[in-house]
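The values are calculated or read from the model by the stated rules, or taken from the named source; none is laboratory data. A quick note: this is a predicted structure, and the numbers were derived from the prediction, not measured. No Cβ is skipped: glycine too gets one built from the backbone with ideal geometry, and neighbour counts run over all protein chains shown. These area figures cover heavy atoms from the full protein model, side chains too; ligands, DNA and RNA do not enter into them. Shrake-Rupley method; radii C 1.70, N 1.55, O 1.52, S 1.80 Å.
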Amino acid sequence: MESVLILKNQPLFGAGIKILKLLLIGLVFVCATSASIFAQAQLSTSEDEQTLTIDDAPEMDVIAFGKTVIVKNRAKSVLSFGGNIQIEGRVEEDVVAIGGSISQKQEAYIGGHVFAVGGSYDPESQTPKRGPGKETVMIAAFEEELRGMAQDPSQIFSPSLSWGFLAWRLLSVLFWFVVTFIVTTLAPGAVSRGVARFQLSTAKVIGLGLAAFILATVVTVLSSGVLPEFLSIILGAMVLFLMIMSFVIGRVAMQVSIGKTIQRRLVSESNQSETIAILIGVLFWTTLMSLPYLWLIGELALFAIGIGLVITARSKTTWQRE
């Protein structure tokens with residue numbers, strides 16, 4: 001599938017942080033009160049419940065899942081996951097479509113950033129009415145997949161078996177084998193100590209990591225409504241970077257650990273190989289992360305383990321190598 005990336009007024013990294021922040025806010029908001037966005041005097045849904053029309057909601061952050069959103073008059077911001085957004089009136093802040101496209105009528109106005117992930121941004125005017133210095137990000141890839149995920153959320157937990165799915169798994173094996181091989185080559189002592197810490201104090205590592213993961217997520221979401229925008233973006237970028245690095249650390253350590261454990265049970269010590277152990281560990285975790293429902297537990301476990309290993313890295317406890 002061809003991917004198209006169009007940027008205006010970068011940086012893209014800040015735009016990605018804002019998308020992540022909006023998604024986190026949206027998920028927390030919907031989980032807390034799914035019906036509160038439907039003020040009857042301002043919003044209405046079509047008979048088939050596939051279209052959400054906003055008449056006048058100037059103070060409302062509108063969040064929709066699997067629906068097309070039409071802004072007739074005013075809204076504060078709009079986030080649609082799995083549906084298109086049509087702006088006919090005025091939106092003061094950001095407009096985000098994940099798995100959908102954004103259209104802007106001739107006289108419509110968008111005061112914030114425009115993000116179309118898995119879709120496009122199509123203004124009728126050659127010079128659309130936009131807030132000064134705002135970004136436009138379009139990533140035209142996986143629109144059908146994102147739409148299907150929004151309409152049937154169970155796909156997240158139970159992915160369907162297809163050639164594309166198998167191709168992604170093979171690419172994942174190659175990617176994680178290369179990453180793990182490089183990390184263990186450049187920092188063998190750090191990986192060995194991480195594996196030892198996990199094996200000697202599994203509950204401590206997972207417990208600290210899980211608590212830190214939950215705390216960091218909650219603080220990032222809450223800070224977006226309290227701190228100034230540039231500070232919340234910086235905080236979000238820092239948390240995202242630390243999360244990604246922790247996940248990599250956790251996965252590398254677990255792949256090495258499980259690979260060596262399996263290899264010891266199958267091969268005599270004289271025939272053991274570090275490279276083969278890494279490959280076994282990568283295949284094991286890639287297979288685990290491909291299983292319906294279990295992959296989500298695996299992802300959370302790797303985040304928790306990685307963060308826990310980072311937190312305990314400076315522990316005064318003497319860790320023994322395996």
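In region 81-95, which residue that is in a loop (DSSP other than H, G, I, E, B) and closer than 9 Å to THR68 by Cα is most open to solvent (accessible area, probe 1.4 Å)?
Among those that are in a loop (DSSP other than H, G, I, E, B) and closer than 9 Å to THR68 by Cα, it is ASN84.
So, in region 104-122, of the ones that are in a strand (DSSP E or B) and open to solvent by less than 40 Å² (accessible area, probe 1.4 Å), which residue ends up farthest from GLN42 (Cα to Cα)?
My answer is VAL117.
For region 247-263, which positions are among the small types (Gly, Ala, Ser), closer than 22 Å to PHE213 by Cβ and open to solvent by less than 10 Å² (accessible area, probe 1.4 Å)?
Within region 247-263, GLY250, ALA253 meet the criteria.
Just wondering, is there one or more residues in region 125-142 that are touching a Leu at 6+ places or on another chain (Cβ under 7 Å) and either surrounded by fewer than 17 Cβ atoms within 10 Å (Cβ to Cβ) or of a type in the set (Lys, Arg) (or both)?
So far as region 125-142 goes, no, none of its residues is touching a Leu at 6+ places or on another chain (Cβ under 7 Å) and either surrounded by fewer than 17 Cβ atoms within 10 Å (Cβ to Cβ) or of a type in the set (Lys, Arg) (or both).
Which residues, counting only those in region 70-116, are in contact with a Leu (Cβ under 7 Å, 6 or more places away or on another chain) and of a type in the set (Asp, Glu)?
Selection gives ASP94 alone.
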